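Notes follow the structure.
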Amino acid sequence: MNNFDFLKKIDNNLYDIITEAEKLYTAEFFEQCMGQTRRFGEQICKNILAQKRQYDGSFDEMLATLKDNAHSISEKEFIDDLYFLKKQGNISVHSSTVKRDGILAFECLQRAFEASINYAVLYKKGSKAILKKQYDVNLLMTGKPSLKEEFEERFEEIKKKKPSKTKKSPPQQVYSMKTSNKNRKPIFWIFVGISSLISFILLSVMIILNNIR
């Protein structure tokens, strides 16, 4: 297995070219790896322009043609990746010294990966599910996918197999409002209180009148 397995069904020749680039990287032939990713980018350009029956010239001319026809953000990002592969590939091929820059070579592989995804979806009508793919370092170095990717794939399979359940609305709870007995004053006792007050007032008045007499 490798990061570019999805290219097999789309373009086997591109798959072979970029697989060789990954092999060169794991063998620490970093400059040769960058040169191979440049070749990969150039072949992608040729495929697109041949499909559209447009002029097939140098790498620079092909990129310029694609750039003139690019409209969406995805297309512009795709062309930026191809420019990067061309530039770094040219530097590695024409450099007078061996730099063995593993970080830059790895970035070339990542850019080639992004370019291949956009190529598959934008120009070859590949499944949009490919857009979710991410470059897996563990897969590059060991040939086995990382546990994270394996877990995500299994989780997606479980989700597909699991029947959907309709959500039941929770039973409505009925609350009865009861007034505390401590705060409740019966009418009877209110009446008694008022009557007592009136009686007290009348009694007071009578006492005052008796005293006056």
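The values are calculated or read from the model by the stated rules, or taken from the named source; none is laboratory data. These numbers come from a predicted model, not from an experiment. Using ideal geometry, Cβ is built from the backbone for each residue, glycine included, and neighbour counts are taken over all protein chains shown. Just the protein is used for accessible areas: all its heavy atoms, side chains included, with ligands, DNA and RNA removed. Shrake-Rupley method; radii C 1.70, N 1.55, O 1.52, S 1.80 Å.
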Linear extension gain, residue 132 paired with residue 12, 0.36 nm per residue minus alpha-carbon span:
41.1 nm
D (Stokes-Einstein, µm²/s), Kirkwood Cα radius, the stretch 91-144, 1.567 mPa s at 4 °C:
99 µm²/s
Solvent exposure ordering (accessible area, 1.4 Å, most first) of 142, 65:
142, 65
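With the cut-off at 27 Å, tell me which of the pairs 86/133; 46/144; 8/133 have Cα atoms farther apart than that.
From the list (86/133; 46/144; 8/133), the Cα-Cα distance tops 27 Å for 46/144.
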Ranked order, 93, 121 - accessible area, probe 1.4 Å, largest first:
93, 121
At most 16 other Cβ within 10 Å, DSSP loop - chymotrypsin sites (Phe, Trp or Tyr not before Pro), the stretch 50-128:
55
Ordering 80, 101, 68, 136 by how much accessible area each has at a 1.4 Å probe, largest first, what is the list?
68, 80, 101, 136
With every protein chain left in place, what is the accessible area of residue 23 in Å² (1.4 Å probe, nearest 10)?
120 Å²
Could you give me D for the stretch 1-85, from Stokes-Einstein at 25 °C and 0.890 mPa s, where the hydrodynamic radius is the Kirkwood radius over C-alpha pairs? Units µm² s⁻¹, please.
180 µm²/s
Using only alpha carbon pairs under 8 Å that are at least six residues apart, calculate the relative contact order of the stretch 7-103 and give it in whole percent.
35 percent
